[in-house]
1. How many of the residues in the range 33-67 are touching a Cys at 6+ places or on another chain (Cβ under 9 Å) and among the hydroxyl-bearing types (Ser, Thr, Tyr)?
2. Look through the range 47-80, keep the residues that are part of a helix (DSSP H, G or I), charged (D, E, K, R) and closer than 15 Å to CYS27 by Cα, and return whichever of them is nearest to the chain's Cα centre (by Cα).
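What follows is calculated from the coordinates using simple rules that are stated; it is not laboratory data. Note that the coordinates shown come from a computational prediction; the quantities given were computed from them, not determined experimentally. A quick note on method: Cβ atoms are made from the backbone with ideal geometry, for glycine too, and the neighbour counts reach across all protein chains shown.
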Amino acid sequence: MELNGEREEDNYSEGDEEDQESEPCPCLFCKSEQSSAAATLDHCREEHLVDLPRIATQLHYDHYSCIKLINYIRKQVCCS
């Protein structure tokens, strides 16, 4: 889509992604909160022995399937 002669994708800067990455991110399995999503994934791998990126790769999950998996885990942990 074009907006004022520029493509919409061109309006986003890499800084936007960095801002999202630096927001605190809660663990899916405990009350721990890490400084970024990457730090939370490391925490899950080290503390809970759950490697979500590896699982997603092995199951050939796309982005949408990964979100569904994360939401499923949240629901199961919340209800238990």
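1. Within the range 33-67, residues that are touching a Cys at 6+ places or on another chain (Cβ under 9 Å) and among the hydroxyl-bearing types (Ser, Thr, Tyr) number 3.
2. Among those that are part of a helix (DSSP H, G or I), charged (D, E, K, R) and closer than 15 Å to CYS27 by Cα, it is ARG74.
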